């Protein structure tokens, strides 16, 4: 073989190896992309009380579970939400449960709805801000320190339900509004998202279909209404869009 032929062969081999390396690199990138897309499953942590655990409804009808289903319907892979919630829990009881559960700090979305039992038990309203603020700080930590990945839900008004018959419904409404003014302000200060479900809860005064058979807790239909309100915020959170500053709360009481 002449020297010129050897040089040409060597050049051809170099070009072949280079093209193979490029092709292998491109294939590896495509494979990594597929692996990343498969691994990107949204992890939801829901913190709260009976409204989060879904007292008197089936497990699949709980509002965090319905939220996950709605996100999946939009093409987003979502794992079954983890719930740290129990009927009757107050802010301090939720805090104790969180300390025992030790959630990880890498959740994609965290929801927080707590305070109705503080109000129900007649605790002083001025005690609520500090306790709620501490829980909100923890929720942000569980979302990897990203406040925009946290959804705070307002407290529903149980005063419109049959369970509240014979009680001072106007007083209950006023206290619920006071609690919600606090959690709304804390969410805004922290940069978390806020979903106001209280007006929908008050529709139960004239729509019994929004209540579970126990005459107190929301039905699956009401939870579906909550999800309609929460879904845009959840999608924006997962897209890392800035959390909007909530509008001022309406002090007008029941609707």
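Only the coordinates and a few stated rules stand behind these numbers; no lab work does. On a predicted model such as this, the values are computed, not experimentally measured, just so you know. Counting neighbours? That spans all protein chains shown, and the Cβs are built from the backbone with ideal geometry, glycine included.
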Could you line up 121, 225, 235 from fewest to most neighbouring Cβ atoms inside 10 Å? 121, 235, 225
Sort 198-205, 164-171 by the packing proxy (mean of other Cβ within 10 Å over each peptide's residues), most packed first. 198-205, 164-171
Calculate I(q)/I(0) for segment 166-218 by the Debye formula, one identical point scatterer on each C-alpha and no solvent, and give its log10 at q = 0.14, 0.22 Å⁻¹ to two decimals. -0.48, -0.93
Assuming 0.36 nm per residue, please report the length gained on full extension of the stretch residue 76 to residue 123 beyond their Cα-Cα distance. 12.9 nm
Given 97-104, 182-189, 212-219, 156-163, the highest-first ranking by average Cβ count within 10 Å works out to 156-163, 182-189, 212-219, 97-104
With both partners inside segment 41-238, how many of the DSSP beta bridges are antiparallel, as a percent to the nearest 5? 5
To two decimal places, what compactness ratio does segment 50-130 give when its Cα radius of gyration is scaled by 2.2 N^0.38 Å? 1.23
Would you mind getting the Kirkwood hydrodynamic radius of segment 41-238 from its Cα pairs, rounded to one decimal in Å? 16.6
